1. Look at region 103-119 and say how many of its residues are at pLDDT below 95 and either buried (at least 18 other Cβ atoms within 10 Å of the Cβ) or within 13 Å of Arg177 (Cα to Cα) (or both).
2. Quick one: Val296 ticks every box in (1) closer than 22 Å to Ala186 by Cα; (2) part of a loop (DSSP other than H, G, I, E, B) except a single one, so which number is it?
3. Which one of Leu259, Leu264 is touching a strand residue (DSSP E or B) at 6+ places or on another chain (Cβ under 6 Å), among the hydrophobic types (A, V, I, L, M, F, W, C), touching a residue at least 40 places away in the same chain (Cβ under 8 Å) and assigned to a loop (DSSP other than H, G, I, E, B)?
4. For Glu313, only one of the following conditions fails: (1) under 19 Å from Met190 (Cβ atoms); (2) charged (D, E, K, R); (3) surrounded by fewer than 19 Cβ atoms within 10 Å (Cβ to Cβ). What is its number?
5. Being crowded, with 19+ Cβ neighbours inside 10 Å, at pLDDT 95 or above and farther than 24 Å from Gln268 by Cα: is that true of Val131 here?
6. Do we have any residue at all in region 322-342 that's in a loop (DSSP other than H, G, I, E, B), over 28 Å from Tyr138 (Cβ atoms) and more than 15 Å from the chain's Cα centre (by Cα)?
7. I'm trying to understand the selection: among the residues of region 160-178, which are under 15 Å from Gly100 (Cβ atoms) and either surrounded by 13 or more Cβ atoms within 10 Å (Cβ to Cβ) or β-branched (Val, Ile, Thr) (or both)?
8. Residue by residue through region 226-270, note down the ones that are over 16 Å from Tyr333 (Cβ atoms) and polar (S, T, N, Q).
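The values are calculated or read from the model by the stated rules, or taken from the named source; none is laboratory data. Only a predicted model underlies this, so the values are computations on that prediction, with no experimental measurement involved. Here Cβ is always computed from backbone atoms with ideal geometry, including for glycine, and neighbour counts include all displayed protein chains.
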Amino acid sequence: MNLRLFVLLVSVFIFVTSRAPVPKRSSSVFFNGKDRFQIGVNYPWKNYGSDFGNSIWGIKTVSEDFESHNGNFADLRSKEVQVVRWWLFSDSRTGIRYDGNRHPSSIDSKVFSDLDAAISVAKARNIALIVSLFDFHYLFKEKRFGDVVVAGRSDVIADSAKQDSLMKNVIEPLFSRYGRESTILAWEVMNEPEWIIGDIPQASVDKSAVPVGLKQFYEFSSKVTSRIHSMTEQYATMGGTCLKWYRIWTQAFARQLGLPELDLDFYQAHYYNWMDTCQIDDDPLLGPAHHCSPLVQDYYQLADVDRPIVVAEFSAPDRTTGILMEGFIRKGYAGALAWAYTGDMKVDWNSFVNVANRFRNITQ
């Protein structure tokens, strides 16, 4: 099989002056004049939910812990990392202020200085950022620590008026400030939202979640992606959990069910070894029979895919990082972001660097 290797970005050496062409079905995405395989890693936080914005726990934010993050990004650059996925608001324990009616009312005063610092350490190393706006934990059952509410925000996703407050008071100011920032490759609406949507085909809702409906989530997501496309020069993506559900984010699926089209610029699939035994039979909504693992399923055999797919999380204890990366390359995916630089699932850096050096410039 020929290597179908192409990329979704990598270097952000020049300032973007106009939005790049919308990607089509392929394993490449035009960005800053080049197509490269997206070689990267999930940062994804130093302190979950507390990297950006004031915290009651006294945790240092990115700007307050600048030298530590700067050193980490120097280390990432030395390991040939070109793209980093970093989580912004996570479960909303920091970063967003809410009024007495639970409407998002503003961005926390420190978020901009922290995101400025994050961009600074990435830009200095020519590392591009995928900024994940929310984690699916945003819709977990509420926990309170004094006046701080952690998670418990399903109503913001489900209620149109609260969605609009989020757009006006949080998303639009964010995009107004950073929409022309060349270091940011893409804005991700949410990490692994399939775990909090109650009525998707073959749903598997997390037991800690307060789920919302697919129509509600689509309404929320379309408001975010429309603003990405109208206010920024960056890409819109969704942190899709698994190839099992890849089709529910496609334009074909939205048209089939009469949902607002999200017009994502690239899709995601994540890979963990539980997916090795997951096979989907023909389904009117999930599509023709396909495998859940991107190590098995060829990208070009997936139905209704109109954009590249990046394997934006992956880890497996029984195989090296490099072996997994090569597998995704051979199956036609547009990038591989290892899990993770922080946390207990560690990257095998020797094999990562080997693959990065061998395949960074291959195109077709």
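1. So in region 103-119, the residues at pLDDT below 95 come out as 109.
With either buried (at least 18 other Cβ atoms within 10 Å of the Cβ) or within 13 Å of Arg177 (Cα to Cα) (or both) added as a condition, the list becomes none.
Adding up the residues that qualify gives 0.
2. In the conditions (1) closer than 22 Å to Ala186 by Cα; (2) part of a loop (DSSP other than H, G, I, E, B), Val296 misses (1) alone.
3. On the way: Leu259 fails: touching a strand residue (DSSP E or B) at 6+ places or on another chain (Cβ under 6 Å).
The match here is Leu264.
4. Here Glu313 meets the rest and fails (3).
5. Working: crowded, with 19+ Cβ neighbours inside 10 Å: yes; at pLDDT 95 or above: yes; farther than 24 Å from Gln268 by Cα: no.
It is false that Val131 is crowded, with 19+ Cβ neighbours inside 10 Å, at pLDDT 95 or above and farther than 24 Å from Gln268 by Cα.
6. Of all residues in region 322-342, those in a loop (DSSP other than H, G, I, E, B) come to 331-334, 339-342.
Filter once more, so that each one left must be over 28 Å from Tyr138 (Cβ atoms): 331-332.
Within this subset, residues satisfying the condition of being more than 15 Å from the chain's Cα centre (by Cα) are 331-332.
Yes; the residues of region 322-342 include at least one that is in a loop (DSSP other than H, G, I, E, B), over 28 Å from Tyr138 (Cβ atoms) and more than 15 Å from the chain's Cα centre (by Cα).
7. Let us first name the residues in region 160-178 that are under 15 Å from Gly100 (Cβ atoms), namely 161-162, 165, 169.
Correct list: Lys162, Ser165, Asn169.
8. Ser226, Ser230, Thr232, Gln234, Gln251, Gln256
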